[in-house]
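Input: a single structure, listed below in structure tokens.
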Amino acid sequence: MKAMKLEALREEVRAVCVDLYRNGLVRNMGVGGNVSARDLDSGLIAITPSHVRYDTMKWEDILVVNAEGEVVESKPPLIPSMELRTHLLVYQECAEVNAVIHTHSPYTNVLATLYDEVPLVHVEQIFLIGKPIPVSEYVTPGTEAMARAVVEKLKDVPAMILRNHGPVVVGRNLTEALNRALTVEDASRIYYSACCIGKPRLIPLSPNS
């Protein structure tokens with residue numbers, strides 16, 4: 001049997017997808033959002049397919065593409081996520097990034113319809129994100145405009161939120177990116193809940209933030 005490319009990395013992507021699904025960070029029957037990771041040796045990218053449920057996905061369903069977005073290996077008739085160009089631009093513009101996660105996290109989306117950022121409300125944000133999480137203006141999903149909006153925000157902070165759509169986080173690896181994705185939703189849930197009760201007391205920004 002012919003060996004398949006990036007088997008371990010594809011399995012890691014699949015496992016992250018299951019984690020996102022179990023934590024409620026993807027909606028729309030478990031297919032909302034997308035995940036990718038870049039192989040350090042080859043530069044190839046493992047990315048989730050379009051319209052495959054996260055809870056039933058197999059590692060073989062994860063596609064492999066090159067830096068130009070050309071499919072290197074796939075299981076027909078699966079195609080890469082429609083937001084592939086966003087992942088490619090992030091890797092092109094952010095050399096230290098090797099993992100990208102986009103989710104449809106519900107509490108984060110609620111806040112992103114109202115505010116221009118999610119402020120610092122929990123200590124984990126300081127260590128994993130470092131700054132308030134910015135919200136972009138609405139852009140059409142899957143477009144070059146979306147890719148540019150994401151990269152523009154990620155220049156200053158490793159997490160951002162697309163208005164009326166959902167967050168995008170990055171990391172040096174999938175573990176770091178997953179922790180940030182979970183932190184964004186946790187912070188959003190805390191801030192939402194606090195706002196329902198009263199006026200939240202925020203963590204002050206340091207002078208160098």
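Could you put Tyr115, Tyr107, Tyr191 in order, starting from the residue whose Cβ has the fewest other Cβ atoms within 10 Å?
Result, fewest neighbours first: Tyr115, Tyr107, Tyr191.
Within the chain, what's the longest stretch lacking trypsin sites (Lys or Arg not before Pro) that sit in DSSP loops with no more than 10 other Cβ atoms inside 10 Å? Each step should come with its number before you reach the end.
Values: sites that count: Lys2, Lys155, Arg201.
Maximal segment without exposed cleavage sites: 3-154.
Determine, for the chain, the count of lysine pairs separated by eight or more sequence positions (or lying on different chains) whose alpha-carbon distance falls under 21 Å.
For the chain, the number of qualifying lysine pairs is 8.
Any chance you could check the Cα centroid distance between segment 4-42 and segment 61-85 for me, in angstrom?
Each part reduced to its Cα centre gives a spacing of 13 Å.
Give, as a single signed number, the net charge of other residues whose beta carbon lies under 12 Å from the beta carbon of Val13, with Lys and Arg counted +1 and Asp and Glu -1.
Spelling it out: positives minus negatives among the neighbours equals -3.
Any idea what the dipole of the chain comes to, in debye rounded to 20, about its Cα centre with Lys/Arg Cβ at +1 and Asp/Glu Cβ at -1?
For the chain, the charge dipole is close to 480 debye.
In what sequence do Cys196, Cys17, Cys94 fall when counting other Cβ within 10 Å, fewest first?
Cys196, Cys94, Cys17
Between Val71 and Tyr138, what FRET efficiency follows from the Cβ-Cβ distance if R0 is 35 Å, with the result rounded to 0.05?
Efficiency for this residue pair is about 0.75.
When the Karplus curve 6.51 cos²θ - 1.76 cosθ + 1.60 is applied with θ = phi - 60°, which whole-Hz ³J(HN,Hα) does each residue of segment 127-132 get, with x for Gly and Pro?
7, 9, 10, x, 9, x
Would you calculate, for the chain, the mean residue ellipticity at 222 nm contributed by helices, counting each DSSP H stretch of 4 or more residues as -39,500 (n - 2.57) and dividing by all residues, to the nearest 500?
-11000 deg cm²/dmol
Please name whichever of Asn179, Ile126, Pro167 sits farthest to the positive end of the charge dipole of segment 94-209, dipole taken about the Cα centre and charges placed at Cβ: Lys and Arg +1, Asp and Glu -1.
Ile126
Each value in this text was obtained by applying a stated rule to the coordinates, not by laboratory testing. Bear in mind the structure is a predicted one, so any value in this text is a computation, not a measurement. Don't worry about glycine lacking a Cβ; one is built from the backbone with ideal geometry, like all the others, and counts go over all protein chains shown.
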